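Worksheet: one structure, shown below.
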Amino acid sequence: MQVSDYVRLKNDTEELSAKNIFKGFDGILVSYITATDEWVVEFLDSYNFGEFAVAKAKAKDLEYTGPYTPELMDEFLEEINRPDFYTHTELKPPKFREYDRVIITKDKPEYEKYGVKKGMRGCIASTYAIRGQWNVLISIKPSYDEDIDIHEDDMELVNI
């Protein structure tokens with residue numbers, strides 16, 4: 001394995017589980033620590049695309065899944081050289097799951113143009129968020145449903 005290779009975590013560890021990083025999560029190798037046989041890995045959030053956590057993992061706990069795409073190398077190098085890159089040390093647990101019932105808690109122009117307003121109820125229609133936005137199915141009229149992306153901070157779980 002070498003820097004910028006794609007890997008998958010093949011074993012759960014106590015240290016990584018405490019950071020919400022679990023077996024099966026994918027990552028990109030950032031650097032190797034020879035003295036401890038560990039890699040610094042950018043773990044990608046499976047539940048919130050675009051989010052990541054930087055953490056150390058033992059080489060024995062990682063499985064090589066492929067080389068990094070050469071066309072994206074400049075973007076990768078730019079990302080790991082950002083001043084805040086190493087401050088992302090854990091993943092947030094997902095706020096919602098597919099089929100969760102939610103209520104909209106904020107009025108926003110980007111929602112209102114689809115007829116979605118505060119107080120309306122919907123159902124999470126995806127297994128993951130993209131940069132904190134979940135796909136939600138909301139009944140606008142008796143025979144009309146709207147499929148819209150809503151930020152997780154603009155809705156709450158409804159207990160049934």
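The values are calculated or read from the model by the stated rules, or taken from the named source; none is laboratory data. Everything quoted here is computed from the prediction, not taken from an experiment. Reconstructed Cβ throughout: ideal geometry from the backbone, glycine too, with neighbour counts over all protein chains shown. SASA here: full protein model, heavy atoms, side chains in, ligands and nucleic acids out. Shrake-Rupley method; radii C 1.70, N 1.55, O 1.52, S 1.80 Å.
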Practice prompt. Can you work out which of the residues in region 66-81 that are free of Cβ contacts under 8 Å to residues at least 60 places away in the same chain and within 19 Å of the chain's Cα centre (by Cα) is surrounded by the most Cβ atoms within 10 Å (Cβ to Cβ)?
Written response: Ile80
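For region 27-45: of the residues being surrounded by fewer than 17 Cβ atoms within 10 Å (Cβ to Cβ) and more than 13 Å from Lys60 (Cβ to Cβ), which is farthest from the chain's Cα centre (by Cα)?
Of all residues in region 27-45, those surrounded by fewer than 17 Cβ atoms within 10 Å (Cβ to Cβ) come to 31-37.
Pick out the ones that are also more than 13 Å from Lys60 (Cβ to Cβ) and you get 31-35.
Details: Ser31: 22, Tyr32: 24, Ile33: 26, Thr34: 29, Ala35: 31 Å.
Looking at the filtered set, the residue picked out is Ala35.
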Worksheet item: Tell me, which residue of region 46-55 that is out of contact with any helix residue (DSSP H, G or I) (no Cβ under 7 Å at 6 or more places or on another chain) and surrounded by 14 or more Cβ atoms within 10 Å (Cβ to Cβ) is modelled with the highest pLDDT?
Response: Ala53
Response to the item:
Looking across region 104-160 at residues that are within 18 Å of Asn48 (Cα to Cα) and part of a loop (DSSP other than H, G, I, E, B), the single one that is most open to solvent (accessible area, probe 1.4 Å) is Arg131
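Here is a yes/no grid of residues against (1) out of contact with any helix residue (DSSP H, G or I) (no Cβ under 8 Å at 6 or more places or on another chain); (2) part of a strand (DSSP E or B); (3) loosely packed, with under 13 Cβ neighbours inside 10 Å:
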position	(1), (2), (3)
Lys19	yes, no, no
Gly24	yes, no, yes
Ala57	no, yes, no
Val102	yes, yes, no
